[in-house]
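K.L.:
Mind looking over this structure? Questions follow.
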Amino acid sequence: MFLTNLRSFRQRLLIGVVAPIFLIQSLGLVLEPWHLESDFKETLSEEAKIITHMVGESLVLPLWDFDMPKVENLIQGLMANGSVGRVTLTDVGGATLAEQTAEWFVPDAQSLQAIHSLTYDIGGQQEALGTLAVSLSTDKVTAALMQSLYHKVVFSVVILGVITIIVFGILSHIALPLTQFPRVIGRIGDGFYRDIVPGEGRQDEIGQVAKAISQWREKEIEISDLRAQNNETARRERKRISRALKATQDAVLIADENRNVVFGNEQAFEFFSEASVGRLLSFHRCVPSIQSKLIDDALIGQTEFDFERPVSVRSGAIHRELFMRGSPIRDEDNRFLGTVVLATDHTDQVRQIERAKYMAEHDSLTGLPNRRLMEATLEQWLNEPDQEATILLADLDAFKQINDTLGYQVGDTLLQHVAFTFANCLGRDAIAARLSGDEFAIIVKGPQSADRAAEMAKDLLATWALPQLVAGRLLHSSLSIGIATIEQGNCSADGGVRRADLALDEAKKSGRGGVEVFRTDLEEISNRKSMLHRELRRALEGKEIFPVFQMQTDLKSGEIIGFEALARWQHPDLGAVSPAEFIPIAEESGLIADLTNLIMMQSCAAALVWRDHGFTGRIAVNLSPKLFGAGVVEFVSDCLMAANCPAAAIEVEITESVVLANRHSARQEIEALQALGLTIALDDFGMGYSSLSYLQQFPVDKIKIDRAFVSKMLEADEPHAIVVAITNLGHALGMSVTAEGAETDEERLSLRACDVDYLQGFVNGQPLPMDEITEVLQSRLIARKAS
């Protein structure tokens with residue numbers, strides 16, 4: 001305990017060295033008097049025995065002679081010895097014969113006593129005379145011992161002092177660096193590295209300690225340099241992070257484990273208002289309740305949150321759309337340290353998306369919902385239980401003619417006027433939409449939707465039956481309307497629109513300015529059309545479609561001057577499919593080129609075979625208007641080249657719709673076909689928009705009068721007059737004329753009387769396949785040779 005209270009190592013070391021010496025010396029001083037006293041007492045005892053023996057022997061004779069004076073003298077002589085305290089002489093019986101005691105003698109336990117028996121030798125026998133007892137005092141011995149001990153103690157103290165001084169000096173020299181080490185270490189700990197480490201040059205243990213301290217100082221210098229570099233790097237890093245957080249457009253909030261916000265950049269203050277800094281939970285008071293609850297759960301549960309959709313946030317009078325996400329912050333031991341919340345302002349993007357969504361769902365010209373929004377709304381209505389909806393589709397009649405003649409600006413204004421009339425006739429639970437071009441729609445919801453849609457159709461037809469003032473012009477047009485009613489569960493929105501479209505198509509077929517309500521047979525017709533579309537593609541890859549050939553004869557001579565190739569389809573399940581049914585399907589589905597190629601190639605093959613039998617006429621092949629404007633010249637040329645067929649063996653038939661589609665390009669294509677060596681026949685003349693200007697601009701080689709005039713020319717004067725007029729017109733323009741559809745001899749004779757050049761019809765026989773026509777030509781060739 002004493003050593004622990006000493007603060008100096010040197011003091012502890014000094015005590016540690018001197019104390020054992022002191023203890024050893026003290027033990028020697030304690031033990032030496034004890035040994036000396038024992039030795040002195042033993043010597044004194046021997047001395048007493050010797051003295052007693054000598055005096056006793058001296059007393060034998062006087063005592064035998066009973067010479068008491070001499071005895072007394074001897075005893076007094078013995079008492080003269082300063083160490084004898086008492087002398088006692090007794091006889092054999094124990095009676096005291098003489099006794100002397102020194103004045104200073106006090107008998108005690110420390111006193112020594114020597115006894116000698118006195119005997120006298122008479123003739124060899126010992127005669128007992130008595131006993132001599134001598135008592136010696138040890139006081140003088142003790143005093144001498146104490147004096148000796150005193151001198152030894154003084155000497156020991158002096159020696160111990162000298163040793164202490166020498167040891168202290170040596171230890172001071174040895175331990176001097178130790179006393180300076182704490183100061184040096186403290187200075188190094190405080191960052192002062194220039195002090196010299198004492199004892200560094202020594203070779204002993206202290207030198208090793210000094211070298212270790214010096215090495216530690218060098219390490220601290222290196223660490224200090226690295227720390228300074230790291231501090232500078234950290235300072236720059238913090239500066240970069242601070243600038244980055246200021247420069248970023250995102251709001252950044254950092255909270256501790258108690259959800260107290262400890263950092264928020266400028267955007268965070270701007271997005272969530274300055275009052276939000278405090279408890280993290282307080283910032284989302286301006287967030288809608290649903291997202292706020294989710295944020296609460298995530299922050300309290302120390303989990304992540306990330307909203308896929310922007311969150312509407314209002315800070316003061318400013319409304320923003322923010323993408324918000326948060327993540328817990330954890331250390332390397334997965335201890336929760338807090339939460340970081342990021343918020344990105346997507347207000348402009350959301351508005352752009354909303355604008356894009358509006359534009360994607362609305363017509364840019366009229367502002368009405370488009371097909372996409374209408375069908376989505378209709379689908380939503382149909383998802384309601386026991387719900388009913390009616391679709392009204394309307395098509396503006398003659399819009400293309402108005403657009404082409406008066407220009408697109410007038411056409412656009414007319415469409416806007418249509419949209420206005422549609423929007424004005426709406427009631428509750430009704431939406432108007434523009435689907436495409438001049439096609440508009442109204443959808444009505446509710447159990448009375450069919451009646452309401454019928455009333456709207458009635459009002460719209462009545463409105464558009466009157467001239468409309470559009471862009472300062474009175475325009476005459478009308479609407480064709482189709483209506484379909486569907487119920488929840490029995491038809492989809494897309495299916496309902498399709499039903500209304502079928503009804504609209506039926507209204508157009510029935511005449512413009514009418515209304516038709518969907519019937520199930522319309523869907524059956526449509527389904528058959530879809531089925532034929534699928535089957536037609538397959539049939540073109542097989543041998544189900546083939547041409548038959550109808551004769552064309554000279555009305556004057558009756559000779560066969562050519563054939564028209566007519567496509568036929570023999571379906572394995574449906575039987576014969578009418579060309580009037582599958583050719584429009586081929587045109588709509590883009591298969592008309594494949595169909596025409598098939599008929600053209602087989603017609604070319606037939607022409608080559610028949611030429612071997614002496615036939616020099618042409619085979620007429622119909623070219624669909626869909627082929628014009630799409631490389632029809634190359635198409636026909638490739639077919640002729642592939643079949644190795646001369647152009648003089650083929651005639652192509654076109655309709656007036658080819659001319660109407662594009663006058664300039666159609667004229668060039670017709671002239672190019674003629675340049676190949678083909679003849680051009682204008683089919684169904686008089687049934688469309690035929691005019692003298694078309695015949696003048698498009699110099700075709702042949703005109704074909706439609707059977708609608710031929711079949712009625714014997715019944716009324718007007719058809720007969722039309723046939724005569726067309727024939728005279730064709731001849732006047734240098735074109736030959738063919739009449740189609742003659743079925744009786746009377747019609748043939750009447751056509752010949754009208755000066756028609758050629759005849760095509762059942763009166764010449766049914767259309768026949770190639771093999772049978774080959775047999776007919778072969779038989780005629782044989783008959784001609786025989787005649």
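K.L.:
Can you name every residue in the stretch 472-494 that is open to solvent by 20 Å² or more (accessible area, probe 1.4 Å) and within 54 Å of the chain's Cα centre (by Cα)?
P.N.:
Thr485, Glu487, Gln488, Gly489, Asn490, Cys491, Ser492, Asp494
K.L.:
Here's something else I'd like to know. Within the stretch 399-415, which residues are more than 17 Å from Trp464 (Cα to Cα) and touching a residue at least 12 places away in the same chain (Cβ under 8 Å)?
P.N.:
Leu406, Gln409
K.L.:
Which residue out of Ala567, Ala607, Ala593 is touching a strand residue (DSSP E or B) at 6+ places or on another chain (Cβ under 8 Å) and either over 26 Å from Ala642 (Cβ atoms) or part of a helix (DSSP H, G or I) (or both)?
P.N.:
Every option except Ala607 fails the conditions.
K.L.:
On to the next question. Going through the stretch 603-621 one residue at a time, which ones are open to solvent by 40 Å² or more (accessible area, probe 1.4 Å), of a type outside the set (D, E, K, R) and out of contact with any helix residue (DSSP H, G or I) (no Cβ under 8 Å at 6 or more places or on another chain)? Please lay out each step first, then the result.
P.N.:
First, pick out the residues of the stretch 603-621 that are open to solvent by 40 Å² or more (accessible area, probe 1.4 Å): 605, 608-609, 611-614, 616, 618.
Next cut, of a type outside the set (D, E, K, R) only: 605, 608-609, 613-614, 616.
Listed by number, the list holds a single entry, Thr616.
K.L.:
Name the helices (runs of 4 or more DSSP H) wholly within the stretch 369-450 that hold at least 2 residues that are of a type in the set (Asp, Glu)? If you could, list the steps in order and put the result at the bottom.
P.N.:
Details: elements: 371-382, 399-406, 408-424.
Those helices (runs of 4 or more DSSP H) span 371-382.
K.L.:
Now, a different point. In the list Gly730, Gly741, which residue meets the criterion of being buried (at least 21 other Cβ atoms within 10 Å of the Cβ) and either over 60 Å from the mean Cα position of the chain (by Cα) or modelled with pLDDT of 90 or more (or both)?
P.N.:
Values: Gly741 fails: buried (at least 21 other Cβ atoms within 10 Å of the Cβ).
The match here is Gly730.
K.L.:
How many of the residues making up the stretch 622-650 are open to solvent by 10 Å² or more (accessible area, probe 1.4 Å) and not in a loop (DSSP other than H, G, I, E, B)?
P.N.:
Counting residues in the stretch 622-650 that are open to solvent by 10 Å² or more (accessible area, probe 1.4 Å) and not in a loop (DSSP other than H, G, I, E, B) gives 15.
K.L.:
Kindly indicate whether any position in the stretch 181-200 is of a type in the set (Gly, Ala, Ser), modelled with pLDDT under 70, in a loop (DSSP other than H, G, I, E, B) and surrounded by 14 or more Cβ atoms within 10 Å (Cβ to Cβ).
P.N.:
yes
K.L.:
So, in the stretch 341-365, how many residues would count as being out of contact with any Asp or Glu (no Cβ under 9 Å at 6 or more places or on another chain) and surrounded by 15 or more Cβ atoms within 10 Å (Cβ to Cβ)?
P.N.:
Here the count works out to 4.
K.L.:
Let me ask another. Which pairs have Cβ atoms under 9 Å, sit 6 or more apart or on different chains, and link a residue in the stretch 237-266 that is closer than 15 Å to Leu299 by Cα to one that is open to solvent by 100 Å² or more (accessible area, probe 1.4 Å)?
P.N.:
Pairs that qualify, where the first residue is closer than 15 Å to Leu299 by Cα and the partner is open to solvent by 100 Å² or more (accessible area, probe 1.4 Å), are Ala255/Arg279; Glu257/Arg335; Asn258/Arg279; Arg259/Arg279; Arg259/Ile300; Asn260/Arg279; Val261/Arg279.
K.L.:
Follow-up. Return only the number of the condition from (1) surrounded by 12 or more Cβ atoms within 10 Å (Cβ to Cβ); (2) under 35 Å from the mean Cα position of the chain (by Cα) that Asn383 does not satisfy.
P.N.:
Every listed condition holds for Asn383 apart from (1).
K.L.:
Of the numbered conditions (1) at pLDDT below 70; (2) within 27 Å of Thr347 (Cβ to Cβ), Leu178 satisfies every one except a single condition; which is it?
P.N.:
Failed condition: (2).
K.L.:
Across the stretch 575-587, which residue is least open to solvent (accessible area, probe 1.4 Å) among those that are in contact (Cβ under 8 Å) with a residue 12 or more places away in the chain and over 26 Å from Ala642 (Cβ atoms)?
P.N.:
Val577
K.L.:
Let me ask you something else. Specify which of the listed residues (Gly688, Gly677) is assigned to a loop (DSSP other than H, G, I, E, B), under 27 Å from Met551 (Cα atoms), small (Gly, Ala, Ser) and at pLDDT below 85.
P.N.:
One residue alone meets the criteria, Gly688.
K.L.:
Further question on the same structure: Looking at (1) surrounded by 14 or more Cβ atoms within 10 Å (Cβ to Cβ); (2) of a type in the set (Gly, Ala, Ser); (3) outside any helix (DSSP H, G or I); (4) modelled with pLDDT of 85 or more, which one does Ala672 not meet, given that it meets all the others?
P.N.:
Against the list (1) surrounded by 14 or more Cβ atoms within 10 Å (Cβ to Cβ); (2) of a type in the set (Gly, Ala, Ser); (3) outside any helix (DSSP H, G or I); (4) modelled with pLDDT of 85 or more, Ala672 comes up short only on (3).
K.L.:
What pairs come up if the first residue lies in the stretch 65-92 and is over 15 Å from Gly130 (Cβ atoms) and small (Gly, Ala, Ser), the second is at pLDDT 80 or above and part of a helix (DSSP H, G or I), and their beta carbons are under 8 Å apart, counting only those six or more places apart or on different chains?
P.N.:
Note: no pairs meet the criteria.
K.L.:
So which residues in the stretch 623-640 are under 55 Å from the mean Cα position of the chain (by Cα) and among the hydrophobic types (A, V, I, L, M, F, W, C)?
P.N.:
Leu627, Phe628, Ala630, Val632, Phe635
K.L.:
Separate question: Scan the stretch 513-562 for residues that are in a helix (DSSP H, G or I) and among the basic types (Lys, Arg) and jot them down.
P.N.:
Arg528, Lys529, Arg534, Arg537, Arg538
K.L.:
Inside the stretch 39-69, can you point out the residues that are among the basic types (Lys, Arg) and either at pLDDT 80 or above or open to solvent by less than 80 Å² (accessible area, probe 1.4 Å) (or both)?
P.N.:
Once the filter is applied, which keeps residues that are among the basic types (Lys, Arg) and either at pLDDT 80 or above or open to solvent by less than 80 Å² (accessible area, probe 1.4 Å) (or both), the stretch 39-69 yields only Lys41.
K.L.:
Across the stretch 765-782, which residue is surrounded by the most Cβ atoms within 10 Å (Cβ to Cβ) among those that are assigned to a helix (DSSP H, G or I) and of a type outside the set (A, V, I, L, M)?
P.N.:
Restricting to residues being assigned to a helix (DSSP H, G or I) and of a type outside the set (A, V, I, L, M), the top hit is Thr774.
K.L.:
For the stretch 100-110, state whether one or more residues are part of a strand (DSSP E or B) and either at pLDDT 80 or above or surrounded by fewer than 16 Cβ atoms within 10 Å (Cβ to Cβ) (or both). Reasoning before the result, please.
P.N.:
So the first thing to find is which residues in the stretch 100-110 are part of a strand (DSSP E or B), and the list is 100-101.
Then drop every residue that is not either at pLDDT 80 or above or surrounded by fewer than 16 Cβ atoms within 10 Å (Cβ to Cβ) (or both), which leaves 100-101.
Checking the stretch 100-110: at least one residue is part of a strand (DSSP E or B) and either at pLDDT 80 or above or surrounded by fewer than 16 Cβ atoms within 10 Å (Cβ to Cβ) (or both).
K.L.:
Among the listed residues Glu127, Glu72, which satisfies the condition of being open to solvent by 80 Å² or more (accessible area, probe 1.4 Å), of a type in the set (D, E, K, R) and either modelled with pLDDT of 75 or more or farther than 30 Å from Val55 by Cβ (or both)?
P.N.:
None of the others qualify; the one that does is Glu127.
K.L.:
Which residues, taken from the stretch 111-121, are under 26 Å from Phe66 (Cβ atoms), aliphatic (A, V, I, L, M) and either modelled with pLDDT under 75 or open to solvent by 80 Å² or more (accessible area, probe 1.4 Å) (or both)?
P.N.:
Ile115
The values are calculated or read from the model by the stated rules, or taken from the named source; none is laboratory data. Just so we're clear, the structure is a prediction, and the values are computed from it rather than from any experiment. Note that each Cβ is placed from the backbone with ideal geometry, even for glycine, and that neighbours are counted across all protein chains shown. Only protein heavy atoms, including side chains, enter the accessible area calculation; ligands, DNA and RNA are left aside. Shrake-Rupley method; radii C 1.70, N 1.55, O 1.52, S 1.80 Å.
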